[in-house]
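The values are calculated or read from the model by the stated rules, or taken from the named source; none is laboratory data. In this text the structure is predicted, and so the values were computed from the model without any measurement. All Cβ positions, even for glycine, are placed from backbone atoms using ideal geometry, and neighbour counts span all protein chains on display.
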Amino acid sequence: MLLARLHFNKATLLELMRIALPMVVSQGTFAVMIFTDRYFMSQIDAIHMAAALGGGVAAFFSFCFFSGVLSYSNAMAAQYLGAGEHAKCPKVVTQGMIMIALSTPLLALVTYLVAGIFSIMGHQAEQVELERTYYILLMLGAVVTLAKICISSYFAGIGRSKVVMICDVCGLIVNVPLCYAMVFGKFGFPEMGIAGAAVSTIVATLFAFLLFVFYYFRKEHRLSFNVNDSFALDWSILRRFTRLGFPSGLELFLNVAAFNLFLLMFQSYGVVQGAAAAIVFNWDVLSFIPMMGLNIGVISLIGRFVGARDMERTNEVISAGFILGLSYSAILAILYVTFRYALVDVFEPPIGDFSEIRELSAFMMIGLSSYAMADAIILVSGGVLRGAGDTRWLMIASVSLHWAMLVAQYFIINVFEYGPRASWMAFVVMLLAIALVYGLRLWGGKWRDQEALDRVMAE
């Protein structure tokens, strides 16, 4: 049994923290960039803010499949590193870039199709035009975004997460003042409004990517990993990349779709319910972003030790991951419950009746405390399984539960017409169910069978 195998190792805990903490900062920069765009849009008017939200969500949805596939560079590079096949690590990046190039026509087609959807969503004509502009510009930079995801995932995979942090922080430093200048026409730039927000994001992403390229071709890295010999099509690695990465991409795409459809249905209750959801999910960032950093760190270390067939070290990583994840989420859970009204009141507007929103939000914060703990189990367990190459099972389990939740929400909201509290409880139950199923898979240990690992590493 897995429980009998687990034990604490201080060195492994510190190694996980060494990788995970810079990734927490890196994930935080992404959140700040999104916040920056939306904040500056809010300083223009509500229509611009709504357009930034709609266009941004549409852009992320349009390339999230590709992002999910390419992010598997983390596990792939880590597995080759653990197996002592250092020369294959940069070949993962090359195959990723080839996939990006081959996907460009499909991305163009997706952009064309999705850009026409805004006009049928019932939004004001001005908002539709702003959404379309923001979306198209972001999609024009999608190739750069995907290239950055690929190479940043690679650096995380080989354990150099500080490089990821440095590059992403530098990108953020470029983004914030540039966004301000291009949106409002400062420092000699023309006043571009929402187009300026999109262009500044692309420029900052390109800058971060070029920094990654700089580190990639530094002498120490270039010689250690035989980078100069990696620039060629490698069918065996490409097949392995698509075989293991495709389920991750499809999982992300379908789960994002299910989550966004749930939000749309929940918002159909009314303004009060939509505002309450926005408040709760704003606080959810406190748990989700650090947990994503931990998830990336777990994937990297598990991939490395799976590649080395060192199951003892994988057990240490699992123990360390749960210690960090559950400790952090438990603290947050206590804070969410104890100070739920105070946390909700942070978002109270200066005018208007906030009481109904306050009560519903406070109730939802209790649910948030529960699934903060579930998130820790999901992201640690999911990181272990993804790093070990169990991506097909993850896709089937996660997608099935997300869409089962969506069907349940349809009946709760539209058929039986239960209230928002019932809907929220169903959402929390779904996350608890995912945590349970992931935990059982991890506990069962089927993913660590020698035959399973041989299939994962096969080219």
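In the range 376-411, what residues are under 22 Å from Leu301 (Cβ atoms) and among the β-branched types (Val, Ile, Thr)?
Hits for the range 376-411 are Ile377, Ile378, Val380, Val384, Thr391.
Tell me, which residue of the range 238-275 that is of a type in the set (Gly, Ala, Ser) and at pLDDT 90 or above is nearest to Val428 (Cα to Cα)? Let's see the steps before the verdict.
Applying the first criterion (of a type in the set (Gly, Ala, Ser)) to the range 238-275 yields 245, 248-249, 257-258, 268, 270, 274-275.
Within this subset, residues satisfying the condition of being at pLDDT 90 or above are 245, 248-249, 257-258.
Numbers: Gly245: 28, Ser248: 23, Gly249: 24, Ala257: 18, Ala258: 14 Å.
Applying the filter and picking the extreme gives Ala258.
Going through the range 175-189 one residue at a time, which ones are not small (Gly, Ala, Ser) and not in a helix (DSSP H, G or I)?
Those that are not small (Gly, Ala, Ser) and not in a helix (DSSP H, G or I): Lys186, Phe187, Phe189.
Would you check which residues across the range 48-106 are surrounded by fewer than 24 Cβ atoms within 10 Å (Cβ to Cβ) and β-branched (Val, Ile, Thr) and list them?
Within the range 48-106, Val57, Thr94, Ile98, Ile100, Thr104 meet the criteria.
Please work out which one of (1) under 23 Å from Val32 (Cβ atoms); (2) within 24 Å of the chain's Cα centre (by Cα); (3) of a type in the set (Gly, Ala, Ser) is the condition Gly157 fails and give its number.
(1)
Would a scan of the range 109-116 turn up a residue that is surrounded by 19 or more Cβ atoms within 10 Å (Cβ to Cβ), among the small types (Gly, Ala, Ser) and under 25 Å from the mean Cα position of the chain (by Cα)?
No, the range 109-116 has no match at all.
Looking at Val176, Val163 in this structure, which one is under 22 Å from the mean Cα position of the chain (by Cα), over 26 Å from Tyr112 (Cα atoms) and in contact (Cβ under 8 Å) with a residue 60 or more places away in the chain?
Val176
For the range 23-132, give me every one of the helices (runs of 4 or more DSSP H) that falls completely inside it and has 2 or more residues that are β-branched (Val, Ile, Thr).
46-70, 89-115
State all residues of the range 389-447 that are of a type in the set (Lys, Arg) and either modelled with pLDDT of 95 or more or under 30 Å from Gly270 (Cα atoms) (or both); if no residue qualifies, say none. So that I can check it myself, show each step before the final result.
Keep residues of the range 389-447 that are of a type in the set (Lys, Arg), which gives 392, 421, 441, 446.
Result: Arg392, Arg421, Arg441.
Out of all the residues in the range 248-263, is one or more without any contact (Cβ under 8 Å) to a residue 24 or more places away in the chain and out of contact with any helix residue (DSSP H, G or I) (no Cβ under 9 Å at 6 or more places or on another chain)?
No, because not a single residue in the range 248-263 is without any contact (Cβ under 8 Å) to a residue 24 or more places away in the chain and out of contact with any helix residue (DSSP H, G or I) (no Cβ under 9 Å at 6 or more places or on another chain).
Can you run down the residue pairs with Cβ atoms below 6 Å, 6 or more apart or on separate chains, where the first is in the range 369-381 and more than 17 Å from Thr338 (Cβ to Cβ) and the partner is part of a helix (DSSP H, G or I) and of a type in the set (Phe, Trp, Tyr)?
Taking only residues 6 or more apart or on different chains, the pairs are Ile378/Tyr438; Val380/Phe322; Ser381/Tyr438.
If a residue counts only when it is under 30 Å from Asp234 (Cα atoms), which helices (runs of 4 or more DSSP H) contained entirely in the range 389-459 have at least 1 such residues?
Helices (runs of 4 or more DSSP H) meeting the threshold: 391-410, 450-457.
Looking only at helices (runs of 4 or more DSSP H) that lie completely in the range 190-307, which have at least 1 residues being of a type in the set (Asp, Glu) and over 24 Å from Gly28 (Cβ atoms)?
219-224
If we keep just the residues of the range 320-336 that are aliphatic (A, V, I, L, M) and loosely packed, with under 15 Cβ neighbours inside 10 Å, which is nearest to Ser361 (Cα to Cα)?
Applying the filter and picking the extreme gives Ile334.
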